[in-house]
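Since the structure comes first, as structure tokens, the remarks are kept for the end.
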Amino acid sequence: MSPLDTPEPLVQVADLSVTFPVGQGAAVRAVDGLSFTMPPGGALGIVGESGSGKSTVAYGLLGLHRGTGAEVTGAVRVAGRDVLAAGDAELRALRGPVAAMVFQDPLSSLDPYAAIGDQIAEVYRVHRRDASRRAARARAVEVLDRVGIPDAARRARARPHEFSGGMRQRALIAMALACEPRLLVADEPTTALDVTVQAQILGLLRELRAETGMGLLLVTHDLGVAAGNVDELLVMKEGREVEHGPAREVLDAPREDYTRALLAAVPRIDVRRAAGDTATAAGEPLLEATGLRREFGRGKRAVTAVDEVSLTIRPGETVGVVGESGSGKTTLGRMLVRLLEPSGGVLRYRGRDIGGLRERELRGFRGEAQMVFQDPVSSLNPRRSIGESIADPLRTAGELTGSEIEERVRRLLHRVGLDPDAYHRYPHEFSGGQRQRVGIARALAPEPKLIVCDEPVSALDVTTQAQVVELLGDVQRESGIALVFIAHDLAVVRQVSDRVVVMRDGRIVEEGPADAVYDAPRHPYTRGLLAAAPSLAPAEAAA
Amino acid sequence: MRGYLLRRAIGAVIVLFALSLVIYALFYVAPGDPARLACGPRCNPEQIRQVREQLSLGDPVYVQYWHFLQGLAAGHDYSTGTGVLHCDAPCFGLSYQNDQQVTDLITQRLPVTASLALGAMVLWLLLGVGSGLLSALRRGGTTERVLTWLTLAGTATPVFIIGLLLLMLFCAYLGWLPFPSYVALTEDPEQWAWNLLLPWTALALIESAKYARLTRSSMLETLAEDHIRTFRAYGVAERSIVGRHALRGALPPVIALTALDLGSMFGNAVLTETLFGLPGLGQLLVHATRTVDLPVVVGVVLVTGAAVVIANIVADLLYAVADRRVALA
């Protein structure tokens, strides 16, 4: 259906520009002259890298830039209402019943202090002033039940922290549903979720669309997520439209180079790793875990996060660890570098038992085993320049002089693709991908033999992801470091790993060479994970 | 929940026990002769010796401490020469100065200090949280600047200056309020409140700046959180967002600070008490310390210590009510 056939489009955006002041008279133009329309019941995907302005467009549809100091020009009409000219009360009446929004991070997007059912009921009563408290609560239970929350009447009284990530996202969708919107704006709705939960949430969105006929505006950096769920795709770069057309055409026959590059960066789960990249792991095991266990809490409330895991890592190889959230992969990773002490089992580094060593006895090991963390924002000290942060492990080692350290840090910055003169700059001055490069440089500083990367690219968009993964591969080939690569994204893991370990509920359910695990998975759980991974082929993704 | 309270109560007893030990130890090394001070300036050495014996000050410090514990647990009998004075458990002993029971001294003065502290707390919370909220909502405006200036001026001024100014203005010059003298709440609630209004105001003016700052910053922090954006995106009015969602998130630190301040108010209100002529615990403590009156000092310190501990337990309970994620264990 082309938008021209429809007399009154659901969404009409014409020449939209959004400019944010950044202080001292300077301003950043996040959206620059964007125009598009969306028919009633249509589904449009806006894709682009972080910073491309896609979320800014989504916020603009609900008039959420009002009061933030942003300058918005052009025209935005949703269901015939002029969003930019609407009064405050008019705008509030639009938010919910006309256009409802689902946010990226379901953990922080709900009030942690209030019951989930009450939050939905509150929003419902804002728009249905005649509804009684009791009716609003009943409505909350009804929509929670509709989005698949089991035992909704009871769970409506739970608070957000008692819900899993997927259930929280369902609850947010339920909040949107309560108002029966004509347009659902979903801003990266599945980015914070694992593949299986992502597949469930996307399935739910498709069902709800078919049932209610509401339009969907899906903002995502993941083309795989957009592929099976939208009719049209709008590719954005630096606030401008790059390409806009039917999803099928854009994916199969992209007209623009930028779209092609974006597509090429998407990690493919069905593509083997290039032969030259695979390392031949030989020699004595570097790190050897036998029957490793870790419990949290005591007594009745004890939870076993990692249960009898045995794993061998040889010099120069990359071992991928995949699994859903809660499968124990992060706990395992932290034990491997002894950030956590194992509750049981044996952990040997070059034949020496390090599982029970005290901090002082671990000194030598600390320099040889490093970690790269998921969140490059919070894992760097915001009050120290990045050069200082990278230099810290070298200073602690105390072997080099000040000028030698600075020289080494500059070389490391250059190695990870940053300007050596960035030494004195602070983390907030860098983009997410650059910060992760800093994290890698910091891990490389003490010249380790092993680096454990915990979800190193899951906070980054596809293009940046591809660059960081490539950097890790280069570094490994040069230096022969052993890598443990922990991720929930199966395709990324396949790209980098020689061997793959699949974890579930703290145990290893399958282990083997990457291609064997991906091409011929033996365990049903692995098969389920692989099936849930988003694919660029719409027919397949929608199945 | 019950287990939690029990554990906290046991912890409180241990803390108070340790506190009494420390005070005894400090007294033992502190200068000053309680017997000479109790006897008066015209006593000869023989009389002082008699007083010392009478007060059992010749005993080793651990024996004295043991007697103190016995008195607490089982009461104590004192000979007065002609008869026997019985002191019921918990007995903190007799004042060295005037042989009055410490328990009586404290029960006379505790209501004064409690009235002062609790009333001031209500007022400083109203003032502090209120102006903190306003500053957060009118950020960058004239309201915020004026409020910040006023609360800072309040904090920067010593209590005896604020108190004196208030007294001069409202009692001496305008004559709107009586010069404060303590009237028991049970006796005449209206007079109680009128007489305490000025001391409450003086304390509240001093304390409220802290609360205004704390409320403002934690409010701004909460307002910047993602879940506030969610309610804005669903058309919930700003007033409901602040009242129902933001304020609740901003309160826990205020609760914690209130508990600490309220506790210390019991021991530290001496300036206010002196200025307004209120016979409270603070005055008693200062006088007892000056005369090395050990039983009174121990008694007052233990009671104020108990107030601090209880205030903190109540704060923890309120904390758990405000934030249901907090499990009391």
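The values are calculated or read from the model by the stated rules, or taken from the named source; none is laboratory data. The structure displayed is predicted, hence computed values, not measured ones. Neighbour counts run over all protein chains shown; Cβ positions are idealised from the backbone, glycine included.
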Quick one: how many residues across the range B:212-229 are crowded, with 18+ Cβ neighbours inside 10 Å, over 14 Å from residue B:125 (Cβ atoms) and of a type in the set (A, V, I, L, M)?
3
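State the number of residues belonging to the range A:395-416 that are in a helix (DSSP H, G or I) and within 17 Å of residue A:475 (Cβ to Cβ). Before you say what the answer is, go through the steps one by one.
From the range A:395-416, those in a helix (DSSP H, G or I) are A:395-397, A:402-415; that's our starting set.
Narrowing the set further to residues that are within 17 Å of residue A:475 (Cβ to Cβ) leaves A:408-415.
The qualifying residues number 8.
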For the condition loosely packed, with under 13 Cβ neighbours inside 10 Å and closer than 30 Å to residue B:315 by Cβ, what is the one hit in B:63, B:29, B:22?
B:22
Restricted to the range B:281-329, and to residues that are within 14 Å of chain A (Cβ to nearest Cβ) and basic (Lys, Arg), which residue is surrounded by the fewest Cβ atoms within 10 Å (Cβ to Cβ)?
B:325
Any idea which of B:156, B:172, B:202 is closer than 15 Å to residue B:277 by Cβ and exposed (fewer than 12 other Cβ atoms within 10 Å of the Cβ)?
B:172
Tell me the strands (runs of 3 or more DSSP E) entirely within the range A:477-543 that contain at least 1 residues that are touching a Leu at 6+ places or on another chain (Cβ under 7 Å) and modelled with pLDDT of 85 or more.
A:482-487, A:499-504
Which numbered condition trips up residue A:308, out of (1) acidic (Asp, Glu); (2) in a helix (DSSP H, G or I); (3) at positive phi?
(2)
Just for the range B:26-47: of the residues that are over 28 Å from the mean Cα position of the chain (by Cα) and part of a loop (DSSP other than H, G, I, E, B), which one is farthest from residue B:301 (Cα to Cα)?
B:44
Select, from B:13, B:63, B:51, the only residue that is among the hydrophobic types (A, V, I, L, M, F, W, C), part of a helix (DSSP H, G or I) and under 29 Å from residue B:263 (Cβ atoms).
B:13
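Of all residues in the range A:94-148, how many are on the phi > 0 side of the Ramachandran plot and more than 13 Å from chain B (Cβ to nearest Cβ)? Break it down stepwise before answering.
Taking the range A:94-148 first, the residues on the phi > 0 side of the Ramachandran plot are A:96, A:148.
Remaining after also requiring more than 13 Å from chain B (Cβ to nearest Cβ): A:148.
Number of matching residues: 1.
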Residues that are crowded, with 19+ Cβ neighbours inside 10 Å, farther than 18 Å from residue B:212 by Cα and small (Gly, Ala, Ser), drawn from the range B:243-266
B:263
Any residue in the range B:277-290 that's in contact (Cβ under 8 Å) with a residue 40 or more places away in the chain: show its pairings with residues that are among the small types (Gly, Ala, Ser) and surrounded by fewer than 16 Cβ atoms within 10 Å (Cβ to Cβ) at Cβ separation under 7 Å, as long as the two are six or more apart or on different chains.
B:277/B:181
So for the range A:169-191 (the condition being on the phi > 0 side of the Ramachandran plot and either crowded, with 17+ Cβ neighbours inside 10 Å or among the β-branched types (Val, Ile, Thr) (or both)), does at least one residue qualify?
yes
Condition set in a helix (DSSP H, G or I) and small (Gly, Ala, Ser), scope the range B:202-236, selection nearest to the other protein chains (Cβ to nearest Cβ): answer is B:233
Any residue that is part of a helix (DSSP H, G or I), aliphatic (A, V, I, L, M) and without any contact (Cβ under 8 Å) to a residue 12 or more places away in the chain - is there at least one of those in the range B:173-190?
no
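Restricted to the range A:33-63, and to residues that are assigned to a loop (DSSP other than H, G, I, E, B) and either at pLDDT 95 or above or of a type in the set (S, T, N, Q) (or both), which residue is surrounded by the fewest Cβ atoms within 10 Å (Cβ to Cβ)? Before the answer, list the steps.
The first filter runs over the range A:33-63 and keeps only residues assigned to a loop (DSSP other than H, G, I, E, B), leaving A:39-42, A:48-53, A:62-63.
Checking the rest, the ones that are also either at pLDDT 95 or above or of a type in the set (S, T, N, Q) (or both) come to A:50, A:52.
Details: A:50: 17, A:52: 23.
Applying the filter and picking the extreme gives A:50.
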Test result for residue A:66, assigned to a loop (DSSP other than H, G, I, E, B), within 14 Å of another protein chain (Cβ to nearest Cβ) and over 26 Å from the mean Cα position of the chain (by Cα):
yes
